[in-house]
Ligand SMILES: NC(=O)c1ccc[n+]([C@@H]2O[C@H](COP(=O)([O-])OP(=O)(O)OC[C@H]3O[C@@H](n4cnc5c(N)ncnc54)[C@H](O)[C@@H]3O)[C@@H](O)[C@H]2O)c1
């Protein structure tokens with residue numbers, strides 16, 4: 001989607017952190033911006049920072065009826081939605097999967113996975129109906145491609161977002177596209193805003209398992225490390241997302257440091273295939289199982305700047 005000017009972006013979790021960075025970058029492209037977030041006070045603080053025709057809507061992405069109302073409000077104001085950014089998410093209770101509670105498991109799936117599906121199911125049909133083209137970006141995480149030990153709920157939900165977006169990209173017609181945004185660490189309110197979200201949606205904070213005996217906080221970074229190159233500014237995330245939409249990317253990554261870790265994972269998967277000679281009759285019968293052409297469409301991404 002090369003020309004975003006005059007089009008409308010609907011950004012969930014748009015009142016803070018990465019979502020706000022994305023909302024500002026969309027404004028920078030001349031788009032109308034809908035900031036959809038559960039936290040009203042955060043919306044009020046965010047809106048003046050967005051230099052564009054803008055609308056704040058209170059939305060719980062995990063609530064389907066709520067979603068319909070928010071999408072109706074956005075269309076009433078701007079007519080059509082062209083870009084959906086499913087960005088709202090929570091950090092999830094940490095701990096080994098056998099120790100997290102069933103309630104925390106349901107809540108992680110509800111916000112981080114079902115919330116994304118609700119956006120797709122409510123807004124993509126509207127985008128298809130207007131016929132002007134569109135793009136859907138969903139925020140996963142680097143945990144969606146390299147799981148972080150001890151963060152099973154987060155890994156599970158973020159890998160589900162990767163699968164959802166790869167499938168959406170496979171299914172959308174010409175003129176429409178989908179990307180999964182897999183950021184590394186950014187300076188946001190993740191973790192802090194979770195407490196407010198949890199109190200509003202379930203009336204209590206998640207029960208975080210106690211750290212293992214002897215666990216201590218990580219040591220401070222060495223003096224010669226530029227921490228801003230590790231924990232980055234959400235403005236950069238916004239620019240990367242907008243660039244990905246304009247280029248038609250399927251994957252939007254932020255930190256080149258994760259490439260070797262992904263190569264390690266891909267290598268492990270490749271090594272695990274049986275050494276048997278593949279049967280050439282298989283792709284002739286079930287071609288759609290052995291190959292998906294969307295992967296060939298991901299182009300080399302130039303350096304940022
Ligand atoms: N910050 C990071 O380092 C990082 C890294 C990888 C992925 N992410 C992902 O980025 C996304 C944005 O997080 P962030 O880091 O900007 O955090 P943030 O807390 O600053 O922003 C998240 C926003 O989402 C909103 N939100 C949460 N649940 C919601 C719901 N059910 N309905 C509507 N709004 C809801 C919150 O109110 C908040 O304003 C999340 O999906 C997170 O998992 C963050």
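The values are calculated or read from the model by the stated rules, or taken from the named source; none is laboratory data. In this text, all values refer to a predicted model and were calculated from it rather than measured experimentally. Ideal geometry is used to build each Cβ from the backbone, glycine not excepted, and the neighbour counts take in all protein chains shown.
Looking only at region 177-194, which residues are within 7 Å of the ligand (Cβ to nearest atom) and either without any contact (Cβ under 8 Å) to a residue 12 or more places away in the chain or touching a strand residue (DSSP E or B) at 6+ places or on another chain (Cβ under 6 Å) (or both)?
186, 192
Being more than 14 Å from the chain's Cα centre (by Cα) and surrounded by 24 or more Cβ atoms within 10 Å (Cβ to Cβ) narrows it down to one residue among 92, 151; which is it?
Step by step, each of 92, 151 is checked, and only 92 is more than 14 Å from the chain's Cα centre (by Cα) and surrounded by 24 or more Cβ atoms within 10 Å (Cβ to Cβ).
Determine if region 216-225 includes at least one residue that is surrounded by fewer than 10 Cβ atoms within 10 Å (Cβ to Cβ), modelled with pLDDT under 90, away from the ligand (no atom under 12 Å from the Cβ) and on the phi > 0 side of the Ramachandran plot.
No: zero hits.
For the list (1) in contact with a strand residue (DSSP E or B) (Cβ under 6 Å, 6 or more places away or on another chain); (2) over 23 Å from residue 251 (Cα atoms); (3) within 9 Å of the ligand (Cβ to nearest atom), I need the number of the one condition that residue 78 fails.
(3)
Return yes when residue 188 is in a helix (DSSP H, G or I) and touching a helix residue (DSSP H, G or I) at 6+ places or on another chain (Cβ under 6 Å) and no when it is not.
no
Based on this model, can you work out whether residue 296 counts as more than 19 Å from the chain's Cα centre (by Cα) and part of a loop (DSSP other than H, G, I, E, B)?
no
Of all residues in region 14-42, which are within 19 Å of residue 244 (Cα to Cα), assigned to a loop (DSSP other than H, G, I, E, B) and within 12 Å of the ligand (Cβ to nearest atom)?
Correct list: 14 only.
Can you tell me which condition residue 49 does not meet? The list is (1) over 28 Å from residue 175 (Cα atoms); (2) more than 9 Å from the ligand (Cβ to nearest atom); (3) touching a strand residue (DSSP E or B) at 6+ places or on another chain (Cβ under 6 Å), and all the others hold.
All conditions pass for residue 49, except number (3).
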